[in-house]
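Each reported figure results from applying straightforward, stated rules to the coordinates on display, with no laboratory input. Please read all numbers here as calculations on a predicted model, not as lab measurements. FYI the Cβ positions are ideal-geometry reconstructions off the backbone, even for glycines, and counts take in every protein chain you see.
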Amino acid sequence: MKSSKASHTYYRECQGQWRCPLEFRITDRKALLAALGWANALSVMAMVHWPRWLGRFFIETSVDYRQQEVLHTTCFRWMGLPLMTSDEVLSLHDDGESFALVGEARSLFAPWRRLPMEGSGRVLASAMGASYTVSWLGTQMRQTTRRDGDTVTLTQMAEGFEGIQRLERIGPLC
């Protein structure tokens with residue numbers, strides 16, 4: 001049975017695969033280093049300052065709506081290589097707007113290391129966007145999404161960096 005609650009409508013409409021070039025900037029190097037630690041901060045700085053002629057970084061996501069939960073994946077790619085991947089499960093709450101998120105991220109350069117992710121969020125009553133707070137790489141990242149047809153604008157902010165991704169739907173789930 002189809003639910004008309006905002007969270008169900010939003011994720012049902014977002015089901016599929018999405019992709020865009022990765023766009024973000026460093027707002028405060030010291031805050032970035034303090035929040036992420038030197039290894040993660042250096043990785044972020046390298047992606048920001050990477051020359052485009054060496055190939056762009058892309059973010060790819062998938063959304064699989066399954067009634068009370070949503071399976072979500074994210075992959076940062078360069079030249080087709082998956083540099084970092086994450087798998088998350090969003091548990092939709094009965095109020096029709098809020099949800100909890102749990103998952104883990106992995107890096108190509110440290111595949112033995114699993115980085116836990118936790119968070120929570122709320123879907124707008126209009127079912128056209130959501131806001132999240134997620135623990136990621138040791139810091140709290142705040143995200144908002146706004147859906148407009150086959151485009152989702154993802155705004156990300158954390159200590160020392162911010163980004164705006166304009167994800168385009170590239171197809172249904174495989």
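Asp64 fails exactly one of the following numbered conditions: (1) part of a loop (DSSP other than H, G, I, E, B); (2) under 15 Å from the mean Cα position of the chain (by Cα); (3) of a type in the set (Asp, Glu). What is the number of that condition? Looking at each condition in turn, Asp64 falls short on (1).
Got a sec? Which of Gly160, Gly138 is touching a Lys or Arg at 6+ places or on another chain (Cβ under 9 Å) and of a type in the set (Gly, Ala, Ser)? Quick ask: steps written out before the conclusion?
On the way: Gly138 fails: touching a Lys or Arg at 6+ places or on another chain (Cβ under 9 Å).
Going through Gly160, Gly138 in turn, the sole match is Gly160.
With Thr133, Thr139, Thr144 as the choices, which residue is over 15 Å from Phe58 (Cα atoms), more than 13 Å from the chain's Cα centre (by Cα) and surrounded by 13 or more Cβ atoms within 10 Å (Cβ to Cβ)? Explain how you work it out, then say what you get.
On the way: Thr133 fails: more than 13 Å from the chain's Cα centre (by Cα); Thr144 fails: more than 13 Å from the chain's Cα centre (by Cα).
Within the list Thr133, Thr139, Thr144, the selection yields Thr139.
Filtered by the rule that a residue be touching a strand residue (DSSP E or B) at 6+ places or on another chain (Cβ under 6 Å) and not in a strand (DSSP E or B), region 130-157 gives a lone residue, Asp150.
Give region 6-47 a look and list any residue that's under 30 Å from Ala125 (Cα atoms) and among the aromatic types (Phe, Trp, Tyr), or say none. Those that are under 30 Å from Ala125 (Cα atoms) and among the aromatic types (Phe, Trp, Tyr): Tyr10, Tyr11, Trp18, Phe24. Scanning region 41-49 for residues that are closer than 18 Å to Leu167 by Cα, in a helix (DSSP H, G or I) and either free of Cβ contacts under 8 Å to residues at least 12 places away in the same chain or of a type outside the set (A, V, I, L, M, F, W, C) (or both) turns up nothing. Among the residues in region 154-173, are any more than 21 Å from Trp78 (Cα to Cα), touching a residue at least 60 places away in the same chain (Cβ under 8 Å), surrounded by fewer than 19 Cβ atoms within 10 Å (Cβ to Cβ) and not acidic (Asp, Glu)? Among the residues of region 154-173, at least one is more than 21 Å from Trp78 (Cα to Cα), touching a residue at least 60 places away in the same chain (Cβ under 8 Å), surrounded by fewer than 19 Cβ atoms within 10 Å (Cβ to Cβ) and not acidic (Asp, Glu), which makes the answer yes.
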